[in-house]
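Here's the structure we're looking at; comments come further down.
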Amino acid sequence: MSKLKRVPLIVVAVFGLTGQGHAQDDAALVGELMAFHGSKAIVDVMSTHCYETTGLDNAFKDAAANWYLRNISYLDLADRVISRLGGGSPEEVKAAETYGGSQIMTAYNQAGDKKVFCKAFLEQVDSGTLDIDKQLPEVLKRAQDISAS
C-alpha cells in the first residue's frame, strides 16, 4: 500500500480511540469520524500545494472541488453523529485537520519526485480512491446506522 493511500487510515489509527463500554465505544466512533475531517484536510492541503507547485494547474482545484461535492454528505453525516454522541469540539476538528494535513505533507516531502507524487495524488482524487466511502466504509456504515436509528 502506498504512503498516499495509507494517510486516511493513519488518521483513523490516531483519532480512533479503543476501549470497552458504551461511552468508550462512542468516544472511539467520534475519533473515527474525525478522520473524515482529516481526509478533507488531506485533499485540501495537497490539492493546494500541488496546484501552487505545478504552475497553477487548475486540475488540482477542480479535483478538490469535485472531491468535496462527492463527500460533503459524509462530512455532514459525521458532524451530526459526532454531535449526537457528545463530541466534536472545534479543537477536535482542528486537530483532525491538522493531523491529516501534516501527514500528507510528510508523505509529499519524502517523495523522491514531487511531480510524480502530485500526479498520483490527482489521479487518486479524480478516481474517487480518496473518497470517504472508499477509505472508511465501515465507519461510514456505522454512522449511517446511528443516524437512521
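If you go through the stretch 90-97 one residue at a time, do you hit one that is modelled with pLDDT under 95, out of contact with any Gly (no Cβ under 7 Å at 6 or more places or on another chain) and open to solvent by less than 40 Å² (accessible area, probe 1.4 Å)?
Among the residues of the stretch 90-97, at least one is modelled with pLDDT under 95, out of contact with any Gly (no Cβ under 7 Å at 6 or more places or on another chain) and open to solvent by less than 40 Å² (accessible area, probe 1.4 Å), which makes the answer yes.
For Ser47, are the conditions met, namely being under 29 Å from Ala148 (Cβ atoms), in a helix (DSSP H, G or I) and either at pLDDT 95 or above or open to solvent by 70 Å² or more (accessible area, probe 1.4 Å) (or both)?
It is false that Ser47 is under 29 Å from Ala148 (Cβ atoms), in a helix (DSSP H, G or I) and either at pLDDT 95 or above or open to solvent by 70 Å² or more (accessible area, probe 1.4 Å) (or both).
Here are Ser102, Ser147: which of them is farther than 15 Å from Val43 by Cβ, of a type in the set (Ser, Thr, Tyr) and either open to solvent by 30 Å² or more (accessible area, probe 1.4 Å) or in a helix (DSSP H, G or I) (or both)?
Residue meeting the stated conditions: Ser147.
Based on what the data block shows, is Ala78 farther than 18 Å from Asp145 by Cα and at pLDDT 90 or above?
no
Pick from the stretch 104-149 the residues that are among the hydroxyl-bearing types (Ser, Thr, Tyr) and free of Cβ contacts under 8 Å to residues at least 12 places away in the same chain: which of them is farthest from Phe36 (Cα to Cα)?
Ser149
Hey, can you tell me all the residues within the stretch 52-71 that are aliphatic (A, V, I, L, M) and part of a loop (DSSP other than H, G, I, E, B)?
Leu56
The values are calculated or read from the model by the stated rules, or taken from the named source; none is laboratory data. Values in this document were obtained by computation on a predicted structure and should not be read as measured data. Cβ sites come from the backbone with ideal geometry, for glycine too, and all protein chains shown count toward neighbours. Protein only, heavy atoms only, side chains kept; ligands, DNA and RNA dropped before computing areas. Shrake-Rupley method; radii C 1.70, N 1.55, O 1.52, S 1.80 Å.
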